[in-house]
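Q: Quick one: this structure, given as structure tokens, is what I'll be asking you about.
The values are calculated or read from the model by the stated rules, or taken from the named source; none is laboratory data. It should be emphasised that the depicted structure is a prediction, and the values quoted were computed from it without experimental measurement. Positions of Cβ are backbone-derived with ideal geometry, glycine not excepted, and every protein chain shown enters the neighbour counts.
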Amino acid sequence: MSTWTSQMDSLIAPAVARSEVTDEVVLGAGRLRDTGALVARMTRMPRVLLCADEAGFQAAGQAVVTSLEAAGFEVEAHVLPVNPLPKASVEEAEPFRVALAADADLFPVSVGSGVINDLTKYAAFRTDRRYVTVATAASMDGYTSAGAPLAENGFKVTIPTRAPIAMLADLDIIATAPAEMNGWGYGDLAGKVPAGGDWILADALGVEPIDTVAWPMVQDHLKGWLAGPDGVRSGERDSLARLFVGLAAVGFAMEAHASSRPASGADHQIAHMWEMEGLTHQDQKVSHGAAVSVGCVAALALFDWLLDQDLSRLNVADILGATPSLQARKEALLNAIDAPKIAQKAGVELEAKFATADVHAARLMVLKDCWPALRNRLQSHLYRHQDMADMLRQAGAPAFARQIGVTPEHLLSTMRAATFIRRRYTIFDLLHDIGQTEAAFAAVMPKLISGKSAMAS
Ligand SMILES: [Zn+2]
């Protein structure tokens, strides 16, 4: 396994060189003191707007202020309260946007994790400013990505914005973040395993070829990044650094591919349903990474089921005869998704990906022919869902629905709905194409409900 420092040279540096947006990534112990010099390399503006919440400011704010002032910046700190926690919404970004709009020489620097970074990213984009992000936890893969997943009038969308011009992560700070936050980042990264499986399916069936730049950036290193789950939980520097390199690489892969395909498949579709529902557990909003963790294990269980099938014996005529019409699919969508706004958006996705009988038949013929090879390819890529659940448990991330307050009925209805919400081809679409969605769901539900090993954590 290559070390994270060598990956900074061999993987992150070329990704930064290729990036049209990000000019520098700094990762290491004790690096917070380099913030001022980093920001000075990125802007000639004399003043900095430090965007944080109370938690992020407490973790790193004072050291960042000291470093910025030593580099000659005048610092204005805008610190959001954490009780209640800042929401990932356009409205919440308003104070940052207003401050930036009022002063053309104010350069935004985000100090925090997911939500603060997204709020700053959005406010900077709206005021045509670049920004630097100082990460305080390895909690998600969005630091280096272009989109800001924020609610606008209550509906969650990924708003096209711009990735930061530079990112700095100090391992000493990351190591002191609440362990569960780094567990969420581990879960978000773990989701790239089934997401890669989804892309393998789409590639094999001629739906969406694998991108030879973005794929290796993530998938060639993924098993190494995921190899130290207990170290993530205990705050061990090398494990956290590997995790952070992985999360950063994912962001660059998304930029290189100009979509989230390298990072997101059925696992994220499940997570997005819960995020849009505003799922809470023990009075706390369930984080993106925690939702992806559970989605990841569910998606892997579906792959486990798939690998046990012999698709070379599919009866194409029977499947085509039993396939519902577009109209019937629209009705199924309305049964599966209650919220009108989500149903409407999913309807657009459904129409975009609905396969005509000819396309469907051709796809099934390809699937029959390539199944033995495809099965081998999937098998060497994937983890069994139980193995992944064990790794997530070691990392301190949830693996089963019950751990985030989701009942078996809720999980089943989530999987039925998640099938519809993106046009991206995933295992959900393959199950539909072979007419086995409900059979596969019924087969995996008992495994996802019991989840005994993870419940012990
Ligand atoms: Zn994610």
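Q: Within the range 84-105, can you find the residues that are assigned to a loop (DSSP other than H, G, I, E, B) and either closer than 20 Å to Val157 by Cα or free of Cβ contacts under 8 Å to residues at least 12 places away in the same chain (or both)?
A: Initially, the range 84-105 is screened for residues assigned to a loop (DSSP other than H, G, I, E, B), giving 84-88, 90, 102-105.
Hits for the range 84-105 are Pro84, Leu85, Pro86, Lys87, Ala88, Val90, Ala102, Ala104.
Q: Hey, another quick one. Val232 is checked against (1) in the same structural domain as Leu382 (by TED's automatic domain parsing); (2) closer than 21 Å to Ala291 by Cα and fails just one. What number does that condition carry?
A: So the condition that Val232 fails would be (1).
Q: Go through the range 212-324 and tell me which helices (runs of 4 or more DSSP H), entirely inside it, have 1 or more residues that are crowded, with 22+ Cβ neighbours inside 10 Å.
A: The helices (runs of 4 or more DSSP H) meeting that bar are 214-219, 222-225, 229-234, 237-257, 266-277, 288-307.
Q: Using the structure shown, decide if Ala175 is touching a residue at least 24 places away in the same chain (Cβ under 8 Å), part of a loop (DSSP other than H, G, I, E, B), touching a Gly at 6+ places or on another chain (Cβ under 8 Å) and more than 22 Å from Asp429 (Cβ to Cβ).
A: No; evaluated as a whole, the condition is false for this residue.
Q: Would a scan of the range 182-198 turn up a residue that is free of Cβ contacts under 8 Å to residues at least 60 places away in the same chain and either within 16 Å of the ligand (Cβ to nearest atom) or outside the structural domain of Arg47 (by TED's automatic domain parsing) (or both)? I'd like the intermediate steps shown before the answer.
A: Filtering the range 182-198 for residues free of Cβ contacts under 8 Å to residues at least 60 places away in the same chain gives none.
Scanning the range 182-198 turns up no residue that is free of Cβ contacts under 8 Å to residues at least 60 places away in the same chain and either within 16 Å of the ligand (Cβ to nearest atom) or outside the structural domain of Arg47 (by TED's automatic domain parsing) (or both).
Q: What about Gly147, is it at pLDDT 95 or above, within 16 Å of the ligand (Cβ to nearest atom) and over 16 Å from Ala15 (Cβ atoms)?
A: So Gly147 fails the test.
Q: Please go through the range 127-157 and pick out each residue that is surrounded by fewer than 24 Cβ atoms within 10 Å (Cβ to Cβ) and out of contact with any Leu (no Cβ under 8 Å at 6 or more places or on another chain).
A: First, pick out the residues of the range 127-157 that are surrounded by fewer than 24 Cβ atoms within 10 Å (Cβ to Cβ): 127-130, 146-147, 149-157.
Once the filter is applied, which keeps residues that are surrounded by fewer than 24 Cβ atoms within 10 Å (Cβ to Cβ) and out of contact with any Leu (no Cβ under 8 Å at 6 or more places or on another chain), the range 127-157 yields Asp128, Arg130, Ala146, Gly147, Pro149, Ala151, Glu152, Asn153, Gly154, Phe155.
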